[in-house]
1. For Val272, work out the one condition from (1) within 15 Å of the chain's Cα centre (by Cα); (2) not in a strand (DSSP E or B) it doesn't fulfil.
2. Those residues that are near the ligand (Cβ under 7 Å from one of its atoms) and in a loop (DSSP other than H, G, I, E, B), I need them from region 197-217; list them, please.
3. Restricting region 184-216 to residues that are charged (D, E, K, R) and closer than 14 Å to Val235 by Cβ, which is surrounded by the fewest Cβ atoms within 10 Å (Cβ to Cβ)?
4. Among Ile283, Ile287, which is the only one that is part of a strand (DSSP E or B) and either on the phi > 0 side of the Ramachandran plot or not hydroxyl-bearing (Ser, Thr, Tyr) (or both)?
5. Out of the residues in region 101-134 that are within 16 Å of the ligand (Cβ to nearest atom) and part of a helix (DSSP H, G or I), which is surrounded by the most Cβ atoms within 10 Å (Cβ to Cβ)?
6. Would it be correct to say that Ala239 is touching a residue at least 24 places away in the same chain (Cβ under 8 Å), assigned to a helix (DSSP H, G or I) and more than 23 Å from Asp319 (Cα to Cα)?
7. Filtering region 289-305 down to residues that are within 16 Å of Glu138 (Cα to Cα) and surrounded by fewer than 18 Cβ atoms within 10 Å (Cβ to Cβ), which residue is farthest from the ligand (Cβ to nearest atom)?
8. Identify, from the list Asp237, Asp220, the residue that is over 17 Å from Leu173 (Cβ atoms), charged (D, E, K, R) and within 13 Å of the ligand (Cβ to nearest atom).
Amino acid sequence: MKILLAGGAGFIGSHTCIELTKAGYDVVIADNFSNSKPEVLNRINQLTGKEIPFYQIDVADKAALDGLFTQENIDAVIHFAGYKAVGESVEKPLMYYKNNMDSTFSLIEVMEKHGVSNLVFSSSATVYGIPKTVPLIEGMDTGCTNPYGWTKLMNEQILTDCAKANSSLSIVLLRYFNPIGAHPSGRIGEDPNGIPNNLLPYITQVAAGKLKKLGVFGNDYDTPDGTGVRDYIHVVDLAKGHVAAIDYADKHKGTEIFNLGTGVGYSVLDIVNAFEKSNNIKIPYEIKPRRSGDIATCYADPAKAFNVLGWKAEKNLDDMCKDAWNWQSNNLKGYDV
Ligand code: WQD
C-alpha cells in the first residue's frame, strides 16, 4: 500500500515517514519546503535504507498534484501540509486561510479524480478553543481563538461534509496535542525558522546557548504552579498514531475523530525541571506576562484512540526531553549543514 505524505518533509511528516516505512508501507513525499529543508530527505533515506520518492510541489497546485497521482499509484493520503504559527496567523489571516484551505481542496479533488478514498488529516487540539473542562473528549464543543485554529476546524468540517456526500470516502481527523521530542537516532527533529514560538524548541536553543533565557508566559494561571499546563506527546508516538489511523481508514468509511495525546498534563515549570534533570543542563528562565490567546490547561482523554485504533503513547517525559536535546545538540544549525 502506497501512502502520499502531503507536507511530509516537516517535523511530524518526517517521523511518520519512518514509522510507516518500518510498518511495511510504501511512502511518497510531496512538499514545497515552505517550512522544511531538503536535507531532511537525506536523513529519512538513511534511516529507512530506502530512496523515498519525493515531489517538490505545492499541494495546493492541482495540476502538479494531478501529475503526481498519475505517476504514482497512491492508495491513501496523510495531509500534513499547512502553515502552523498561531501569532503569524493573527497577523496574516488571509495567507493562512488561503494556504491551509487550498491544499485540502486540491487534495480532495485530485483524490476523487483518481479514485483514492482514504485521507488522514493533521488537526489540532486547538479546535477545542477555551476548554470548559478537561480532559478533552472528541465530542466536546469546538471553537477557535485564532485563524490557524479556524483553518483546522474548517478543514475538519469540509472533510466531514465530503465524506457525507461521497460514501466511498474514509476520513480520519487526528487532533494532536503538543508534539515534542525527536527521533531517538538524533538524525531528524524539529527545525523551526527563526526564533521558536513553541516551548521545547525554545528550551533546547537556550540549552545550546543560542538563546539567553526562556520567558515563561505567565505564572498566575489557575494551575498547580501557576504556569500553563499542556499534554506533551513524543513525536514518535504521534507518528505511530498515523500508522494506526491509516490501518483504520482502510477498513472503515465515513469520518472519525481521534485525540492523539498522552492524557497527562505538565506545566511549563514541570517541563523546565524535567529537561534539566534528563540532560543535566540548567535552563535559566524569567517569568513574563501571559502570551495573548494562551489557555490555562489543555490535555486529552486519549481513550478513544486506544479503544478504536489500539494506539496509545508509550514514551515518557524523560524520553521526550532526552530525544529533543539529542537532536538539538547534534544538529546545532538544524538541517543547515
Ligand atoms: C506551551 C506552553 C506557553 C513558549 C501551540 C499551538 C497548537 C499547536 C502547538 C501547532 C504554553 C508556554 C511557550 C515560551 C512559554 N500548533 N511557553 N514560553 O501554545 O500549547 O500550542 O503549538 O503547530 O495549535 O497553539 O504550545 O509550545 O507554544 O506553549 O512559557 O517561550 O508553554 O505559554 O503554556 P501551545 P507552545
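Every number in this text was worked out from the coordinates using simple rules, so none of it is lab data. Bear in mind that the values here come from a model prediction, so they are computed numbers and not experimental data. Glycine gets a Cβ as well: all are built from the backbone with ideal geometry, and neighbour counts include every protein chain shown.
1. Val272 satisfies all of (1) within 15 Å of the chain's Cα centre (by Cα); (2) not in a strand (DSSP E or B) except (1).
2. We begin by selecting, within region 197-217, every residue near the ligand (Cβ under 7 Å from one of its atoms); these are 197-200, 202, 214-217.
Within region 197-217, Asn197, Asn198 meet the criteria.
3. Step one: filter region 184-216 for residues charged (D, E, K, R), giving 187, 190-191, 210, 212-213.
Among the residues that remain, those that are also closer than 14 Å to Val235 by Cβ are: 187, 190-191.
Numbers: Arg187: 19, Glu190: 23, Asp191: 23.
Ranking the candidates gives Arg187 first.
4. Numbers: Ile283 fails: part of a strand (DSSP E or B).
Result: Ile287 is the single residue among Ile283, Ile287 that is part of a strand (DSSP E or B) and either on the phi > 0 side of the Ramachandran plot or not hydroxyl-bearing (Ser, Thr, Tyr) (or both).
5. Our first condition is that a residue be within 16 Å of the ligand (Cβ to nearest atom); within region 101-134, this holds for 103, 121-131, 134.
Okay, now just the ones that are also part of a helix (DSSP H, G or I), so 103, 125-128.
Working: Ser103: 26, Ala125: 22, Thr126: 24, Val127: 24, Tyr128: 24.
It comes out as Ser103.
6. Numbers: touching a residue at least 24 places away in the same chain (Cβ under 8 Å): yes; assigned to a helix (DSSP H, G or I): yes; more than 23 Å from Asp319 (Cα to Cα): no.
Criteria not met by Ala239.
7. The first filter runs over region 289-305 and keeps only residues within 16 Å of Glu138 (Cα to Cα), leaving 298-305.
If we keep only those that are surrounded by fewer than 18 Cβ atoms within 10 Å (Cβ to Cβ) too, we end up with 301, 303-304.
Numbers: Asp301: 17, Ala303: 21, Lys304: 20 Å.
Step by step, filter region 289-305, then rank; the result is Ala303.
8. Asp220
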